[in-house]
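See structure below.
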Ligand code: NAD
């Protein structure tokens, strides 16, 4: 039954589709149409998950009216059966009937699972293929393996696109998927993506490996597959429409890492400075897995977070003296030959906000805590000439750090008797909803309190300090400053501090609002929630000075000299010619519209 694959391919090559297809769900036609309507202008490529409808056949006439209103957009009809990971409880014959009807009412594309294609008669499949652009898809909800076997199975059937969706159980699975896409996209129109939190690399970079498009959720809470990213994030944070072969890849690596605001901040910095780069959250369960991706993708730079800040030191080709002394590295640069160089920008994250307020030489500074952040503070502040005191819940750790950093150990019982210029909280006490403070009110005998905890901004310690009219240095400033140094090491450009502080402040505000609102998993309306995000991203793109930008961010602070090693190995900001050349979107849309109209007339 199979016609030559080139004939099928030529049918659809005229499609110039947007890179992001938004999967839209809804229990009835009105809800689904309302959601699609709120998205279609920004993103004229939508998958309607008919399997989420209680009665797909009944809903289709209403959907027809919506399709007719949007000839500029491309729609995929999907009615995935429950046995294949969808919601449709009917038989394969019933699924086929829904897709046939969807084709007849004007859907230009339909998605059929491989198992369904295998179950229907050849002439029935041919009939569907004659009516509509066909996507044969295959999902593996457990792993990324045997991709070539799955492709061979799909390739037995005529299709305009072959879609392979696997599950990333580690970061390297993304490399497997992207190599697979590179191998097959020359001969077939391919769509490939890894599901799961660890599949983010393929969701953003799959398009440059040969995936014609990728899937996105309408919004958080409306994911139709694990790890699906909201379309607004793919577009505004990861700038997926700009990703090309020249795009440099960076990321924050840790376990866990989903909570990190670094992607929001660093991608905003890349966008503002027109650096052709993307920054991803890399959930690395092992350092070995991470390092394989660093070399194979390749990844040009990493922000290291827990639990790898120490372990990475053993892998590095070299690092600066302070990083070695501290024994922790939060910034990695990959040189052209694949060698890794390490830096510790947490030091600048602590010293720069303080230097903007007081002379560090001779300043009396108490650090509470003796972990990674405390170490960066102790060595960094000593190097600036400060008199550093350390206290900690476990005295032995504080004593050891004091010895190494040539600081002074202070018993907790003696803290209240002393006077300081600055007290730094380098413990996690006060994070999240915690009502605890690492110190009591009587112990706050200081001009400044620097709480490294930045989520929430108003910790119990910060509130206590404000009540005593002590000046507060917010933890957000450390976060922005350490990220700014990373940006400078990687790109050689001054970091856009105001933009970075702005987007993180907004993200924290949004998180706080979302926590308070406690929305249901599938909210009823999309427009209301998507508006604030769109507004934020629009504002972020504008160049006016921001309100609500932190004090430090507003100041043009002195920049630390970036090491020669970093300068040599950094990827430069060249926005690729390819990106500039790629024609205006309108051309693609016109082509898609024409194709859609032609297909509907059939
Ligand atoms: P870490 O785990 O290496 O060290 C934590 C320290 O806090 C240890 O000395 C531990 O003994 C002490 N501690 C933990 N729980 C405590 C408790 N209940 N009471 C008293 N002491 C306690 O962590 P880290 O990497 O040093 O980070 C510490 C905190 O600093 C983080 O939780 C984070 O909030 C903050 N931080 C902020 C930034 C930023 O950019 N603003 C960067 C790094 C760290």
Quick check, is residue 86 on the phi < 0 side of the Ramachandran plot, assigned to a loop (DSSP other than H, G, I, E, B) and over 34 Å from the mean Cα position of the chain (by Cα)?
no
Could you list, in sequence order, all residues of region 259-302 that are touching a helix residue (DSSP H, G or I) at 6+ places or on another chain (Cβ under 6 Å) and more than 24 Å from residue 335 (Cβ to Cβ)?
261, 264, 265, 268, 272, 283
Residue match in region 289-303 (condition: within 16 Å of the ligand (Cβ to nearest atom), under 22 Å from residue 370 (Cα atoms) and touching a residue at least 24 places away in the same chain (Cβ under 8 Å))
yes
Could you go through region 366-380 and let me know if any residue there is more than 15 Å from the ligand (Cβ to nearest atom), under 20 Å from residue 312 (Cα atoms) and surrounded by 15 or more Cβ atoms within 10 Å (Cβ to Cβ).
no
Considering only residues of region 462-479 that are within 15 Å of the ligand (Cβ to nearest atom) and more than 11 Å from residue 345 (Cβ to Cβ), which is surrounded by the fewest Cβ atoms within 10 Å (Cβ to Cβ)?
472
Looking at the structure I just gave you, is residue 417 away from the ligand (no atom under 14 Å from the Cβ) and at positive phi?
no
Is it the case that residue 175 is out of contact with any strand residue (DSSP E or B) (no Cβ under 8 Å at 6 or more places or on another chain) and surrounded by fewer than 24 Cβ atoms within 10 Å (Cβ to Cβ)?
yes
Spot the failing condition for residue 71; the list is (1) surrounded by fewer than 22 Cβ atoms within 10 Å (Cβ to Cβ); (2) farther than 20 Å from residue 37 by Cα, and only one is missed.
(2)
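Taking the condition in contact with a helix residue (DSSP H, G or I) (Cβ under 7 Å, 6 or more places away or on another chain) and either within 25 Å of residue 398 (Cβ to Cβ) or without any contact (Cβ under 8 Å) to a residue 12 or more places away in the chain (or both), does residue 323 pass?
It is false that residue 323 is in contact with a helix residue (DSSP H, G or I) (Cβ under 7 Å, 6 or more places away or on another chain) and either within 25 Å of residue 398 (Cβ to Cβ) or without any contact (Cβ under 8 Å) to a residue 12 or more places away in the chain (or both).
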Residue pairs meeting the criteria (Cβ under 8 Å; at least 6 apart or on separate chains; first over 22 Å from residue 413 (Cα atoms), in region 444-469; second in a strand (DSSP E or B) and away from the ligand (no atom under 11 Å from the Cβ))
466/472
Identify, by number, the condition in (1) away from the ligand (no atom under 16 Å from the Cβ); (2) touching a residue at least 12 places away in the same chain (Cβ under 8 Å); (3) closer than 19 Å to residue 430 by Cα; (4) out of contact with any strand residue (DSSP E or B) (no Cβ under 6 Å at 6 or more places or on another chain) that residue 498 doesn't meet.
(3)
Considering only region 236-259, how many residues are in a loop (DSSP other than H, G, I, E, B) and buried (at least 19 other Cβ atoms within 10 Å of the Cβ)?
4
Region 436-452 - residue that is crowded, with 22+ Cβ neighbours inside 10 Å and within 8 Å of the ligand (Cβ to nearest atom) and, of those, farthest from residue 350 (Cα to Cα)
438
Test residue 397 against the criterion of being out of contact with any strand residue (DSSP E or B) (no Cβ under 6 Å at 6 or more places or on another chain) and in contact (Cβ under 8 Å) with a residue 24 or more places away in the chain, and give yes or no.
yes
If residue 404 meets every condition in (1) within 15 Å of the ligand (Cβ to nearest atom); (2) touching a residue at least 40 places away in the same chain (Cβ under 8 Å); (3) closer than 23 Å to residue 358 by Cα apart from one, which number is that one?
(3)
Residue list for region 174-201, filter: within 15 Å of residue 145 (Cβ to Cβ) and assigned to a strand (DSSP E or B):
192, 194, 195
With respect to the numbered conditions (1) buried (at least 16 other Cβ atoms within 10 Å of the Cβ); (2) away from the ligand (no atom under 16 Å from the Cβ), which one is the sole condition not fulfilled by residue 362?
(1)
Are any residues in region 424-435 over 15 Å from residue 390 (Cα atoms) and more than 7 Å from the ligand (Cβ to nearest atom), and if so, which ones?
430, 432, 433, 434, 435
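Each reported figure results from applying straightforward, stated rules to the coordinates on display, with no laboratory input. Note that this is a predicted model, so its numbers are computed, not measured. Because the Cβ atoms are built from the backbone with ideal geometry, glycine has one as well, and the counts that use them run over all protein chains shown.
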